[in-house]
1. Test R152 against the criterion of being under 30 Å from E32 (Cα atoms), surrounded by 14 or more Cβ atoms within 10 Å (Cβ to Cβ) and within 16 Å of the chain's Cα centre (by Cα), and give yes or no.
2. Looking only at segment 155-181, count every residue that is surrounded by 16 or more Cβ atoms within 10 Å (Cβ to Cβ) and either farther than 17 Å from F65 by Cβ or of a type in the set (A, V, I, L, M) (or both) and tell me the total.
3. Would you say S132 is of a type in the set (S, T, Y), at pLDDT below 95 and assigned by TED's automatic domain parsing to the domain that holds L112?
4. Among the residues of segment 1-36, which ones are surrounded by 11 or more Cβ atoms within 10 Å (Cβ to Cβ) and either of a type in the set (D, E) or touching a residue at least 60 places away in the same chain (Cβ under 8 Å) (or both)?
5. Given the criteria among the hydrophobic types (A, V, I, L, M, F, W, C), surrounded by 15 or more Cβ atoms within 10 Å (Cβ to Cβ), at pLDDT 65 or above and part of a helix (DSSP H, G or I), does V77 qualify?
6. E127: modelled with pLDDT under 80, surrounded by 19 or more Cβ atoms within 10 Å (Cβ to Cβ), touching a helix residue (DSSP H, G or I) at 6+ places or on another chain (Cβ under 9 Å) and among the acidic types (D, E), yes or no?
7. Only one of these is over 23 Å from S64 (Cβ atoms), touching a helix residue (DSSP H, G or I) at 6+ places or on another chain (Cβ under 8 Å) and among the hydroxyl-bearing types (S, T, Y): S132, S223, S184, S150. Name it.
8. Within segment 209-244, work out how many residues are surrounded by fewer than 16 Cβ atoms within 10 Å (Cβ to Cβ) and either within 18 Å of F188 (Cα to Cα) or in contact (Cβ under 8 Å) with a residue 60 or more places away in the chain (or both).
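The values are calculated or read from the model by the stated rules, or taken from the named source; none is laboratory data. Quick caveat: nothing in here was measured; it's all calculated off a predicted structure. Here the Cβ positions follow ideal geometry from the backbone for every residue, glycine too, while neighbour counts run over all protein chains shown.
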Amino acid sequence: MIDNFLKLTPAAQVKFLKTDDFAQMEKEKRVEFLKEIAVSEHISSKCLACALKILRELKFRDRSFYKKFLEHPDSSVIMACKKALAEKVFDDGFGFFPMRELVKKQHNERKLQTVKLIVSETDQAGEEMLISFLAEDNLRIRELVVKELSARPQLDESRLLYQLPHSIWYTRAAIVEILGNRRSELLFNQIEELLVDVNVEVRLKLLDALAKLDRERVREFVSKLTRDPHMRVRKEALRIFSTI
């Protein structure tokens with residue numbers, strides 16, 4: 001479908017996106033289709049601006065996605081991006097900081113229910129807010145967010161990496177777990193610091209993550225952890241090293 005679409009003229013592409021046939025497709029399929037054509041090298045500026053406008057109307061709120069097009073040479077594309085970025089994260093009037101403050105004031109069980117609601121309502125949006133929940137000292141909330149961010153088709157992984165040096169140990173462990181689940185090679189950008197992280201749980205999560213990455217590339221790092229001062233880390237490193 002994508003290939004046939006890209007063979008159309010720019011005017012025909014825009015016309016197709018406005019047809020009832022396209023509008024009747026499942027929302028998730030439309031979002032994925034629009035995201036894919038938006039990053040295509042062959043899409044016209046007119047069609048790109050239209051695709052971004054429809055994504056905004058479909059309440060696709062992935063800020064990192066829209067930011068990719070802010071330097072586009074066509075002003076219509078930039079305007080479509082700015083409109084999308086200006087949208088509030090939630091339709092009920094709550095922005096990022098008010099919602100974040102609201103969650104902070106809730107007791108643990110209510111917090112968990114609120115975060116579940118945010119996850120279900122934000123689709124691919126709310127990335128920044130969900131990442132902020134990794135700092136919650138509630139394990140169930142962190143597990144929920146780890147599961148959600150690990151499975152997302154698109155995620156600004158560099159934002160997670162940036163948080164690592166500034167976070168408390170359980171947030172660092174959660175970030176490493178997410179990057180490992182996503183098999184992200186960005187982990188290697190912080191590997192030296194993670195190998196000597198002061199927290200045992202972070203180093204154990206690092207081992208779990210390394211076990212999911214390219215065997216040849218992780219071998220030397222797993223080997224270093226076989227000499228870790230903590231017995232649990234050494235034991236797990238030896239087990240993983242024997243399999244690679």
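1. Working: under 30 Å from E32 (Cα atoms): yes; surrounded by 14 or more Cβ atoms within 10 Å (Cβ to Cβ): yes; within 16 Å of the chain's Cα centre (by Cα): yes.
For R152, the condition - under 30 Å from E32 (Cα atoms), surrounded by 14 or more Cβ atoms within 10 Å (Cβ to Cβ) and within 16 Å of the chain's Cα centre (by Cα) - is met.
2. Taking segment 155-181 as the starting set, the residues that turn out to be surrounded by 16 or more Cβ atoms within 10 Å (Cβ to Cβ) are 155-157, 160-161, 163-164, 167, 170-181.
Now drop any that are not either farther than 17 Å from F65 by Cβ or of a type in the set (A, V, I, L, M) (or both), which leaves 155, 160-161, 163-164, 167, 170-181.
Matching residues across segment 155-181 total 18.
3. Criteria met by S132.
4. E28, V31, E32, K35, E36, listed by residue number.
5. So V77 fits the description; yes.
6. Details: modelled with pLDDT under 80: yes; surrounded by 19 or more Cβ atoms within 10 Å (Cβ to Cβ): yes; touching a helix residue (DSSP H, G or I) at 6+ places or on another chain (Cβ under 9 Å): yes; among the acidic types (D, E): yes.
The answer is yes for E127.
7. Numbers: S132 fails: over 23 Å from S64 (Cβ atoms); S184 fails: over 23 Å from S64 (Cβ atoms); S150 fails: over 23 Å from S64 (Cβ atoms).
One residue alone meets the criteria, S223.
8. Let us first name the residues in segment 209-244 that are surrounded by fewer than 16 Cβ atoms within 10 Å (Cβ to Cβ), namely 212, 214-217, 219-220, 223-224, 227, 229-232, 234-235, 238-239, 242-244.
Going one step further and asking which of them are either within 18 Å of F188 (Cα to Cα) or in contact (Cβ under 8 Å) with a residue 60 or more places away in the chain (or both), we end up with 212, 214-217, 219-220, 223-224, 244.
Of the residues in that region, 10 qualify.
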